[in-house]
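Inspection log for the structure reproduced underneath, given as structure tokens.
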Amino acid sequence: MKVLLGPINNAGQPIALTKELRRQGVEAHCLTYQNHKYGYGADKEVCFDPYSRVDVQFQTLQECLKEDYDIYHFWFRSLFYGGFYEYFTGLDLPIIKNRGKKIVHSFTGFDLRFQSECMQKNPYNVFQYGWKNIFSEESARKYLNFLRYFVDEFVVLDEELQSYLPEAKIIPRVLDLDEWEYIGIKETDCPLVVHAPSSPAIKGTPFVNQAVQQLKEKGLKFEYREVTDLKHRDAMELYKRADIVIDQLLIGWYGVLTVEAMALGKPVMVYIQEDLYQPSQTIPVENVNPDNLTEKLRNLIQDFDRRKDLSRRGRAYVESVHDVKKVTKKLIGLYESVLKEKERREFSPESFDDLLYFKEQYIDSVGAVPYKPLLKQKTVQYEKLVQQLNQLRPKANRSDRLQEEVNQLTRKLKKYEGG
């Protein structure tokens, strides 16, 4: 069995699974586009800019086809994509399937967490607090319908994401416990509270800051640190010193940070949707939300016995659910099942979602404008945006209004740069 994982190294999960797949006898490789800002690493990192994207991605696909992988396990996107769902994103899938290969696709978050459903399922969803997705729900749903023609198995990380795609299989987040030894906590009169706002609006960081400020004003003794702009290994050192770790407050499930903190034996505060709890396996975290965070944080700071209990049970939970060795065995079983399956032909002759998807891709990418003039036009627009952004950045720190202009220009640039 020969497997490719990539091209997005989401929270270091693909490379962690790749390494363990090899240890368990599977020939696996992790390929990622661009260098990850947290330094997770990969077997091969492929870099490109807006001008070279198409050539580089075509070359990458050609090289992978030559490697003759049995399974392509894609995370978030396939090998050919641009922007968010533009520029023939997914063009490689029919080419891969035409060679008789199997495709597994992992969703990782808001590529599947549709706004209309999320606002119904989650009373503390990010959308009600003003967060906006960078791509439309309509585009995401069309892409999902397109994927159904080519993907042999859909995979999600947890029950929360599975609620949006019930047919998807759960392969939990993983952690190499050999690298995350249990440390636990010690009794102290000034506990260290740690929060990692990798995406503040999604993590609920404003609510964390508000709770911290209120408790500080009331004279509660504790230290608060935010993990920002650190490589993953450097952040790990701060987690080791923590007495309490606050993870995400608006998603409705826990992320990789929770898994890492529990492995270290650190009490975790995170929001879990009540309807997703399974009585057979209670998750040993302090379940909090924006409404009760201040009260529950105060109680946990003052209650060492509660922290100690969460510390002990958290490590045991990770060993049971998130150990990379156990999860990888489950993933290998999924791969073996996919390889045994015959090609599924469940679509009626009148089903044209795949054709309509590519028609829209063509219109969005080329349309009625000749391709070369369009490319020249977009290049000029891109260069103007870069110039405007460079002029604004030095002044942005002194003005909230200018900072918002910088943010808007940055979002536009990402679209030109292919996401």
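Rule-based calculations on the coordinates, nothing more; no lab input. The model shown is predicted, which means the values in this text are computed figures rather than measured ones. Don't worry about glycine lacking a Cβ; one is built from the backbone with ideal geometry, like all the others, and counts go over all protein chains shown.
List the relative contact order of the chain as a percent without decimals, with contacts defined as Cα pairs under 8 Å and 6+ residues apart. So the answer I get is 16 percent.
Rounded to the nearest 10 degrees, the angle from helix 304-321 to the longest Cα principal axis of the chain is 30 degrees. Looking at the chain, the DSSP beta bridges with both ends there are about 5 percent antiparallel. Each residue of the range 213-223 was assigned a 3J(HN,Hα) from its phi angle through the Karplus curve 6.51 cos²θ - 1.76 cosθ + 1.60 (θ = phi - 60°); the sequence is 4, 5, 6, 5, 5, 8, x, 5, 8, 6, 10 Hz, with glycine and proline shown as x. Of all DSSP beta bridges confined to the range 13-104, the antiparallel ones make up roughly 25%. Between Thr282 and Arg148, full extension at 0.36 nm per residue minus the direct alpha carbon distance yields a gain of 44.9 nm.
If you line up the long axis of helix 53-67 against the longest principal axis of the chain, both from Cα atoms, how many degrees apart are they, to the nearest 10? On a 0 to 90 degree scale, this one is about 90. Selection among Leu157, Phe207, Gly83 by position relative to the dipole of the chain gives Gly83 as farthest towards the positive end (Cβ unit charges, Cα centre). Using θ = phi - 60° in the Karplus curve 6.51 cos²θ - 1.76 cosθ + 1.60, the 3J(HN,Hα) couplings for the range 259-267 round to 4, 5, 5, 5, 4, 6, x, 9, x Hz; x is entered for Gly and Pro. The magnitude of the dipole of the chain, with charges of +1 and -1 set on the Cβ of Lys/Arg and Asp/Glu and taken from the Cα centre, is near 720 debye. Of the residues Val174, Ile134, Val46, the one whose Cα sits farthest toward the positive end of the charge dipole of the chain, with +1 on the Cβ of Lys and Arg and -1 on the Cβ of Asp and Glu, is Val46. Semi-axis lengths, largest first, of the ellipsoid equivalent to the chain are 37, 28, 20 Å, with √(5λ) applied to each eigenvalue of the Cα gyration tensor.
Taking the longest Cα principal axis of the chain as reference, the axis of helix 232-241 is set at about 20 degrees.
With 19 Å as the limit, the listed pairs Lys97/Lys342; Lys121/Lys330; Lys216/Lys296; Lys66/Lys142 have Lys121/Lys330; Lys66/Lys142 beyond it between alpha carbons. In terms of other Cβ atoms within 10 Å, Thr188, Thr328 run from fewest to most in the order Thr188, Thr328. Summary of packing: across the peptides 20-29, 136-145, 239-248, the per-residue average of other C-beta atoms within 10 Å ranks them, highest first, as 239-248, 20-29, 136-145.
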